[in-house]
C-alpha cells in the first residue's frame, strides 16, 4: 500500500526547552502586563455618582452603555468602537509590515496563554528532556500524579480566564458573589464554561495547531510583508556548513539543535522563513547563548530583512534597522492610524452632555387640521448623559411663523429628564392656514434643546412640510 | 517504502497522482481535524433527531425534544403577558380621562396600543393613522363621534354601522338623489363649498343655503358644524372624509355614504381596546 501515503498526520508533540535571554525576558514582561490587565481591569473602581455603576471598565449590555474610566459611550456612539477597531486593524498592518508576525509572537492571547501553560508544565513535569521521558513512559502512578496535577492547575487557570471575561459585563464584586452562591445568570456560567474549555484545550493541547491550522491571520499577514520587513531568519552564509567546529571551512552553526528545542512551534528556523513561525524570538535567545559559549559573535539567528540578504552574502553590513522600519508604507500606516486617533479624540471632546435627535414623522408628511392649519409631527429624543436629573427646554427657530407643542403637556415646553436617560417626545409644529409655511413645500427649521441650569444647548436641523395646492 | 515519491522542487512527498506532469503534493491534514469532521457529522445526525428537521409529506419530523420556534414564541408571549399582568389590571381599572401622559401606565398604554393599532387598525386607517378617502384620518382634530378617550374607546369597542353589536355607532343620511332636483343638488353643494372656501359660485349659494336649511340642517346643524351625537360630520371645516371637490360632494349628497367599522370589543381584550384608544388619543388630535 505504499502507493497510498497517509493523508492525515498525527500531531507531533512539541516539548519546548527553557531558554533565557532578552526576547524571553521581553515575553515574560509582556505576559505579566497583558495577563495583569486582563485579570485585574474589571476590579478597578471608578466613582460615577449614585445612579451609575462604579466599575472603571464595564460593558453594560442591558442598558446599552460602555464605560471606560472617564469615558461613557452610549449605543448611538458606537462609531467610537468602530473607530478603535479600524485603528487596531491599521496598527496590526503597521506592526506586521515593520516587524512581521510580532503580534503572533508576543501578544496574541493564544501565544500568551500557551506560554503560561508551558510554564506550568515545566514547573510540574520538568524541562524538555524530563517531559520527553515522561511522554514516552508507561502510565505509572507517578505519571498519573504529574499529569493530573498539571491538568488541575491548567483547569484553575482556565476557570480564572473564563471567569475574568464575564466580569467585564457586570459589576465584578456582585457577580463574583452571585457566582459563588450559585445565583448568577445561566449565561454567566455558560460563558465561563465555554471559555474555560477553550482555554484549557487550546492552551494545553492544541497549542501550535491553533496557529497553523485554525487561525486565518498568519495567512493574511504574509500579504503585508515585503523585503524590508524584519522577520526572524538564519544567516546560512555564516552558519553553513553546519557541524563540528574544528573541521576546515566549517560554518558557525554547530548543529546543537538549541533553536529547534526551544521552538514552541516545533520547527527548524534554519530551513528559512516558514508559515508556522510566529516570530517569538526564542530561537534567537537560544542561539545567542550558544554563540557566547563557543566564542562566536551573536546573531547567527536574528531579526533579518530579506532586502539585506544580497549585501550580507557579499560581506557587507546590513542596513540600519531604522531604515527598514521608516519607509513610505509604514509612515502611511502611522499617518492613517494617527488621523483616525486624532479624529476620535476630537469627537470625544466635542461631545455634549445633552443631545437630541429629531426624526420627522413622514407618514403622513403633514396633517390638515379642521381650521386649515398644517401640522407636522417630529419624534424628538432627548438625552441627558449627566449623572443627575436635568430640566430641558425645547424651542424652535425658523424664518417662518410656526408654533411648537409637545404632546400631552398642555403647551409646556420644559421637562424633567432623569439622570442618564433618554426621553422620547412627540413634537408638533403647526402653521396657520394663512401663514406662508403652510403653503410651501419645505421650510427649514431648527429645533433646540437647552439645559436650563447650565444653559448648555444643542440643536438639530429639519424641515417643515406645507400643503402645496395643485 | 522504496516507491515513495518526492517532489523535486519542494521536497514534499507526493500522493503519486500525476496529471500532465503536475503531481499532487501530500501535505497531510492533522488527524484531529478529521475527528472534528466526524464529530460534526455525528452532531448533525443527533441534531436532526433532537430537533425538527426532516421534511415529510405533510409537515416535518418533530424531533425528540419537542421543540418548535412557534412554541417558543408562544412561551415568550405568555411570559411577557404574565409579566404585564399588573399593568394590564391597572390599565383596565384606570380612569383614562385623567391619566397624565407622563404616567408610566400612560406610556405603557401608548406602546401597547401602538402594537394593537398596527396589527388591527392600520389596514384601513394606514400605518401612520393618516386614513384614506372614506377612512378617517386619526391625526387631525376633527372627530365624527367625539375625540376624548371615552368616545374613542366606545367607537373602537362597538364599531360603526355593524349589525353584530347593538351599541354600534349608527349614522343615517338619506340618499337625496330621488328627493332633490339636479339643480337643487348643485346649489346645495355650492353652498357647502362656500362654507370653507372662497372659490365658489356665489350666484346659487343663496338657493343652496335655503335647501340646506330645509333638508340638511336637522342633522348637520344650522351652521353646518355637524353633530357628534349622531355622527353628522362638520361641513364647514377644512377636512373632508370623502373628498371636498364638487363631484365628491355631489356623490355624497345623491347617494349618502355609509362607512363601516367592526366592533373590536368582540375581538380584542378590554385592555387592548383601552390601550389603542389611548394611542389614538395621543396621536395629536385627542380632546
Failed condition for residue A:168, given (1) outside the structural domain of residue A:310 (by TED's automatic domain parsing); (2) touching a strand residue (DSSP E or B) at 6+ places or on another chain (Cβ under 8 Å); (3) buried (at least 18 other Cβ atoms within 10 Å of the Cβ), with all others met?
(3)
Identify, please: which residue in region B:227-239 is touching a helix residue (DSSP H, G or I) at 6+ places or on another chain (Cβ under 7 Å) and assigned to a loop (DSSP other than H, G, I, E, B) and is, among those, surrounded by the most Cβ atoms within 10 Å (Cβ to Cβ)?
B:235
Residues to consider are A:339, A:344, A:332; find the one that is surrounded by 15 or more Cβ atoms within 10 Å (Cβ to Cβ), farther than 30 Å from residue B:142 by Cα and not assigned by TED's automatic domain parsing to the domain that holds residue A:393.
A:344
Residue A:267 fails exactly one of (1) part of a loop (DSSP other than H, G, I, E, B); (2) under 21 Å from residue A:10 (Cα atoms); (3) touching a helix residue (DSSP H, G or I) at 6+ places or on another chain (Cβ under 7 Å), namely (3)
Looking at B:81, B:72, B:97, B:85, which is the one that is in contact with a helix residue (DSSP H, G or I) (Cβ under 7 Å, 6 or more places away or on another chain) and loosely packed, with under 13 Cβ neighbours inside 10 Å?
B:97
Checking the conditions here, which among B:71, B:114 is over 30 Å from residue A:205 (Cβ atoms), within 14 Å of another protein chain (Cβ to nearest Cβ) and under 34 Å from the mean Cα position of the chain (by Cα)?
B:114
I want to confirm something. Restricting to region B:240-256 and keeping residues that are out of contact with any helix residue (DSSP H, G or I) (no Cβ under 8 Å at 6 or more places or on another chain) and more than 13 Å from chain A (Cβ to nearest Cβ), which single residue is farthest from residue B:173 (Cα to Cα)?
B:247
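Quick grid of which residues meet (1) more than 14 Å from chain A (Cβ to nearest Cβ); (2) modelled with pLDDT of 95 or more; (3) under 22 Å from residue B:159 (Cβ atoms); (4) surrounded by fewer than 16 Cβ atoms within 10 Å (Cβ to Cβ):
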| residue | (1), (2), (3), (4) |
| --- | --- |
| B:206 | yes, no, no, yes |
| B:260 | yes, no, yes, yes |
| B:263 | yes, yes, yes, no |
| B:276 | yes, yes, yes, no |
| B:280 | no, yes, yes, no |
| B:283 | no, no, yes, no |
| B:287 | no, no, yes, yes |
Enumeration of residues in region B:18-67 that are within 10 Å of chain A (Cβ to nearest Cβ) and farther than 24 Å from residue A:202 by Cβ:
B:26
Read through the list (1) outside the structural domain of residue B:130 (by TED's automatic domain parsing); (2) part of a loop (DSSP other than H, G, I, E, B); (3) in contact (Cβ under 8 Å) with a residue 60 or more places away in the chain, then give the number of the only condition that residue B:268 fails.
(1)
Is it the case that some residue within region A:63-72 is at negative phi and touching a helix residue (DSSP H, G or I) at 6+ places or on another chain (Cβ under 6 Å)?
no
Tally the residues that are within 24 Å of residue B:150 (Cα to Cα) and either in the same structural domain as residue B:130 (by TED's automatic domain parsing) or assigned to a helix (DSSP H, G or I) (or both), restricting the search to region B:240-257.
0
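Those residues that are in a loop (DSSP other than H, G, I, E, B) and either in contact with a helix residue (DSSP H, G or I) (Cβ under 6 Å, 6 or more places away or on another chain) or surrounded by 15 or more Cβ atoms within 10 Å (Cβ to Cβ) (or both), I need them from region A:307-318; list them, please.
Across region A:307-318, the qualifying residue is only A:318.
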Matching option when the condition is within 18 Å of residue A:277 (Cβ to Cβ), surrounded by fewer than 18 Cβ atoms within 10 Å (Cβ to Cβ) and touching a residue at least 24 places away in the same chain (Cβ under 8 Å), among A:232, A:212:
A:212
Checking residue A:435 against (1) buried (at least 16 other Cβ atoms within 10 Å of the Cβ); (2) free of Cβ contacts under 8 Å to residues at least 60 places away in the same chain; (3) in contact with a strand residue (DSSP E or B) (Cβ under 8 Å, 6 or more places away or on another chain), the condition it does not meet
(3)
Quick check: is even one residue across region A:82-89 buried (at least 16 other Cβ atoms within 10 Å of the Cβ), free of Cβ contacts under 8 Å to residues at least 12 places away in the same chain, over 30 Å from residue A:144 (Cα atoms) and not assigned by TED's automatic domain parsing to the domain that holds residue A:264?
no
Condition first: assigned to a helix (DSSP H, G or I) and in contact (Cβ under 8 Å) with a residue 40 or more places away in the chain. Now tell me which residues in region B:116-150 satisfy that.
B:116, B:117, B:120, B:124, B:149, B:150
Going by the structure shown, is residue A:357 away from every other protein chain (no Cβ under 14 Å), assigned to a strand (DSSP E or B) and surrounded by fewer than 19 Cβ atoms within 10 Å (Cβ to Cβ)?
yes
Here the residues within region A:1-50 that are touching a strand residue (DSSP E or B) at 6+ places or on another chain (Cβ under 9 Å), more than 28 Å from residue A:280 (Cα to Cα) and either part of a helix (DSSP H, G or I) or away from chain B (no Cβ under 14 Å) (or both) are A:42, A:43, A:44, A:45, A:46, A:48
Considering residues of region A:188-209 that are surrounded by fewer than 16 Cβ atoms within 10 Å (Cβ to Cβ) and within 12 Å of chain B (Cβ to nearest Cβ) only, the residue farthest from residue A:9 (Cα to Cα):
A:201
When only residues in region A:376-393 that are assigned to a strand (DSSP E or B) and farther than 30 Å from residue A:441 by Cα count, which is farthest from the other protein chains (Cβ to nearest Cβ)?
A:383
Condition check: surrounded by 14 or more Cβ atoms within 10 Å (Cβ to Cβ), assigned by TED's automatic domain parsing to the domain that holds residue A:121 and either part of a helix (DSSP H, G or I) or modelled with pLDDT of 95 or more (or both). Does residue A:184 satisfy that?
no
Among A:114, A:96, A:149, which is the only one that is assigned to a helix (DSSP H, G or I) and surrounded by fewer than 18 Cβ atoms within 10 Å (Cβ to Cβ)?
A:149
If you check A:347, A:421, A:373, which single one turns out to be within 20 Å of residue A:453 (Cα to Cα) and either in contact (Cβ under 8 Å) with a residue 24 or more places away in the chain or away from every other protein chain (no Cβ under 14 Å) (or both)?
A:421
Members of region B:199-226 found to be in a helix (DSSP H, G or I) and touching a helix residue (DSSP H, G or I) at 6+ places or on another chain (Cβ under 6 Å), listed by number
B:205, B:207, B:208, B:209, B:211, B:212
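The values are calculated or read from the model by the stated rules, or taken from the named source; none is laboratory data. Bear in mind the structure is a predicted one, so any value in this text is a computation, not a measurement. We place every Cβ from the backbone using ideal geometry, glycine too, and count neighbours over all the protein chains shown.
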